[in-house]
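**Q** To start, I am sharing the structure in question, which I have written as structure tokens.
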Amino acid sequence: MIKKCLFPVAGYGTRFLPATKSMPKEMLPVVNKPLVQYGVEEAIEAGLTEIGLVTGRGKRAIADHFDVSYELEHQIAGTSKEQFLDSIRQVMSQATFSMTRQQEMRGLGDAILNGRRLIGDEAFGVVLSDDLCIAEDHDGVLAQMVALYKQFRCSIVAIQEVPEDQIHKFGVIAGEKLKDGIFQVTDMVEKPPADQAPSNLAIIGRYILTPDIFEIIENTPPGKNGEVQLTDALLAQAKSGCVLAYKFKGTRFDCGSVDGFVEATNYVYNNFYLKGKA
Ligand code: UTP
């Protein structure tokens, strides 16, 4: 079954400057946990315990977060403050972490290709941790997708309906409906103007990918903004085989934008932190 999950975390996070000048965007805390930890917890819940981080320059804090901090831990050992480390200690005991570096920001497709050496020849998950997904009354979004993978054995992208004025920010799919909330992808466009979009079904930052995607990415020329787009590679995969789009159950917050980040913070504070669940 799927055991590995890639976290492309090499991006610059320019929308959060100056906060992200020397600190990775993925370490921004939503209440008391960094974004990347939420993503890793979601992966672990789905059974994906071999975590691969595709990092870049200036991202050391992410690797350090998933490692022991001897001085701090020695200092607070045996005090009431130790409980604040419970969640990260649990993550560290349940998962393993490997890193590789993307040397130039050549796009999400390129970041995933860089992760190939950590994945090998098996299906894997991908989490863009700036998309914070909360599925309170359901399994986590990745767990939902793993269940679907068991049934269909092909690449899967998570989608949500977005309003027309938001469409230009997303990869958008067209597809044939197989079941409620499940589509076989027939077309995919990266960040189209709303009037040229094939639908209002937008791809968000959760994927299950079959390993043939690596060779497809290798043969995918740079697309929009000169970047190697995962969307272009997925379209090629959809045309030669099968890619599913899955309308997940839950809520996604775009924590790569200031508005979405503040929204997520309020949500987590009110629904988890104040209720003693964070
Ligand atoms: P974004 O489009 O959010 O870019 O990337 P960004 O650089 O992180 O943020 P802004 O737009 O400058 O504010 C989506 C995801 O893909 C990763 C990012 O780290 C983020 O998780 N990514 C993107 C890479 O790892 N490498 C790339 O070359 C591009």
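**Q** Calculate what fraction, in whole %, of the accessible area of the stretch 216-278 sits on carbon and sulfur atoms when a 1.4 Å probe is rolled over the protein chains.
**A** 49 percent
**Q** What are the residues whose amide H is under 5 Å from the amide H of Ala174, where those residues sit 5 or more places off or on another chain and H is modelled from the backbone?
**A** Thr186, Asp187, Met188
**Q** Considering only protein heavy atoms and a probe of 1.4 Å, how much of the accessible area of the stretch 69-167 is carbon and sulfur, as a whole percent?
**A** 45 percent
**Q** Stick to the Cα atoms of the stretch 120-278, pair each with every other, and give me the Kirkwood hydrodynamic radius in Å at one decimal.
**A** Taking the inverse mean of 1/r over all distinct Cα pairs, the stretch 120-278 comes out at 16.4 Å.
**Q** Taking 0.36 nm per residue of sequence separation and subtracting the Cα-Cα distance, how much length would be gained by fully extending the chain between Glu215 and Glu104, in nm to one decimal?
**A** Gain on stretching Glu215 to Glu104: 38.0 nm.
**Q** Which of the trypsin sites (Lys or Arg not before Pro) found in the stretch 175-276 are loop residues per DSSP with 12 or fewer other Cβ atoms within 10 Å of their Cβ? The partial results should precede the final answer.
**A** On the way: sites: Lys177, Lys179, Arg206, Lys224, Lys239, Lys247, Lys249, Arg252, Lys275; in loops: Lys249, Lys275.
Answer by residue number: Lys275.
**Q** How many nm separate the modelled label positions at Thr14 and Thr251, each set 7 Å beyond the Cα in the direction of the Cβ?
**A** About 3.1 nm, to one decimal.
**Q** Another question about this same structure. I'd like to check one number: the per residue accessible area of the stretch 147-223, probe 1.4 Å, reported in Å² as a whole number. Working shown, then result.
**A** Working: 3630 Å² over 77 residues.
Value returned for the stretch 147-223: 47 Å² of accessible area per residue.
**Q** If you don't mind, another one. For the stretch 21-158, what class follows from the C-alpha gyration tensor (a ≥ b ≥ c being the square roots of its eigenvalues): rounded when a/c is under 1.5, otherwise prolate if a/b is larger than b/c, else oblate? Don't skip to the end; give the middle numbers.
**A** On the way: a/c = 1.94, a/b = 1.33, b/c = 1.46.
Cα axes put the stretch 21-158 in the oblate bin.
**Q** A further question follows. For the stretch 111-188 and the stretch 208-278, compute the distance between their C-alpha centroids and round to whole Å.
**A** The stretch 111-188 and the stretch 208-278 have Cα centres separated by 6 Å.
**Q** Could you give the angle, 0 to 90 degrees to the nearest 10, between helix 35-45's Cα long axis and the longest principal axis of the Cα atoms of the chain?
**A** 80 degrees
**Q** Okay, next question. For the stretch 1-45, what ratio Rg/Rh do Cα atoms give with a Kirkwood hydrodynamic radius?
**A** 1.05
**Q** If you take the beta carbon distance between Leu85 and Ala147 as r and set R0 to 35 Å, what does 1/(1 + (r/R0)^6) give as a FRET efficiency, to the nearest 0.05?
**A** Computed FRET efficiency for Leu85 and Ala147: 0.65.
**Q** Right, another one. How much accessible area per residue does the stretch 1-145 have, counting only protein heavy atoms and a probe of 1.4 Å, in square angstrom?
**A** On the way: 7120 Å² over 145 residues.
Normalised by residue count, the accessible surface of the stretch 1-145 is 49 Å².
**Q** Take the Cα atoms of the chain, build their convex hull, and give its volume per residue in Å³.
**A** 133 Å³
**Q** Shifting gears a bit: Mind checking which lysines have their Cα closer than 19 Å to the Cα of Lys191? Skip sequence neighbours fewer than 8 apart in that chain.
**A** Counting by Cα, and skipping residues close in sequence, Lys191 has these lysines nearby: Lys169, Lys224, Lys247.
**Q** What FRET efficiency, computed as 1/(1 + (r/R0)^6) with R0 = 51 Å and r the Cβ-Cβ distance, is obtained for Ser93 and Asp195, rounded to the nearest 0.05?
**A** 0.50
**Q** Sequence-distant or interchain residues sharing an amide H contact under 5 Å with Ile159, placed H: which?
**A** Ile204, Tyr246, Lys247, Phe248
**Q** Could you check how much of the accessible area of the stretch 26-66 is carbon and sulfur, as a whole percent, using a 1.4 Å probe?
**A** Within the stretch 26-66, the accessible surface is 50 percent carbon and sulfur.
**Q** Also: Report the Stokes-Einstein translational diffusion coefficient (µm² s⁻¹, integer) for the stretch 163-245, Rh taken as the Kirkwood radius over Cα pairs, at 4 °C with viscosity 1.567 mPa s. Before the final figure, lay out each step's value.
**A** Values: Rh = 13.1 Å.
Reported coefficient: 99 µm²/s.
**Q** Using θ = phi - 60° and the Karplus form 6.51 cos²θ - 1.76 cosθ + 1.60, what ³J(HN,Hα) does each residue of the stretch 22-32 get, whole Hz, x for Gly and Pro?
**A** 10, 10, x, 3, 5, 9, 4, x, 9, 6, 10
**Q** Shifting gears a bit: When Lys and Arg each count +1 and Asp and Glu each count -1, what net charge do the other residues less than 13 Å away from Ser129, Cβ to Cβ, add up to?
**A** After counting each charged neighbour, the total is -1.
**Q** Which stretch or stretches of the stretch 175-194 have amide N atoms under 15 Å from the point lying 7 Å from Lys224's Cα along the Cα→Cβ direction?
**A** Within reach of a label on Lys224, which here means backbone N under 15 Å from a point 7 Å along Cα→Cβ, the stretch 175-194 contributes 187-194.
**Q** Shifting gears a bit: Say we join alpha carbon atoms closer than 10 Å with springs in a Gaussian network model of the chain; which of Phe170, Phe152, Phe84 then has the biggest fluctuation?
**A** Phe84
The values are calculated or read from the model by the stated rules, or taken from the named source; none is laboratory data. Source: prediction; values computed, not measured. Methodologically, a virtual Cβ is constructed for each residue, glycine included, from the backbone with ideal geometry; neighbour enumeration extends over all protein chains shown. Side chains included, ligands, DNA and RNA excluded: accessible areas come from the protein's heavy atoms. Shrake-Rupley method; radii C 1.70, N 1.55, O 1.52, S 1.80 Å.
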